[in-house]
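Participant: This is the structure I want to talk about, given as structure tokens.
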Amino acid sequence: MRKVTAVVVVPALILSFSAAWATEVTTTDEMHHDNAAPRSMTQIPQSHMFDGINLTEQQRQQMRDLMQQARHERSPISISDLEQLHDMIIADKFDEAAYKARLDQIAQAEVARQVEMARVRNQMYHLLTPTQQDVLNQKHQQRMSEMRKLTNMQQASSLQAVSSTGSNQ
């Protein structure tokens, strides 16, 4: 089951995270302009963790430094990985074992990237004051509540679709 999940999830993750990293580089660089107005962390697309948190200039600088350091330490998304997967898909004979092995390697690298970003987010969280942490936690709870409602609506919609399909037969 794990390998099936990797086959489905890894290519999508690679593409979405590479887009997020590219956006992050641009956004973080924009924050370095001297004449820029004070900004919240909403412009950095890290799962919107710091949305709505008003930061001091010192906190913003510390967070920029953490992101800069993390950007230099992480390995880039490999275009050759995507090319290799594509080559395996268009090959005359599909080698499932080789494809799964390559996906496992890519998945392990992605997990390492995600762990590193979680470590950086943890460091950023601990730069916040207790009041800022409370605001962040409240906003997190709101987002989780919204996600639960959405999930429940999707499940109800799926059940309705299945029951209406079954009654049409």
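We did not get these values from a lab; they are worked out from the coordinates using the rules stated. Computed from a predicted model, the values in this text were never measured in an experiment. FYI the Cβ positions are ideal-geometry reconstructions off the backbone, even for glycines, and counts take in every protein chain you see.
Participant: Explain nothing, just the number: relative contact order of the range 54-169, from Cα pairs under 8 Å at least 6 residues apart, as a whole percent.
Facilitator: Reported relative contact order: 36 percent.
Participant: Quick check: pseudo-label points 7 Å beyond the Cα along Cα→Cβ at Asp104 and Asp65, how many nm apart are they?
Facilitator: Each label point lies 7 Å from its Cα, and together they span 4.2 nm.
Participant: List the trypsin sites (Lys or Arg not before Pro) in the range 53-93 that DSSP assigns to loop (not H, G, I, E or B) and whose Cβ has at most 12 other Cβ atoms within 10 Å. Which are they?
Facilitator: In loop regions of the range 53-93 (DSSP not H, G, I, E or B), the sparsely surrounded trypsin sites (Lys or Arg not before Pro) are Lys93.
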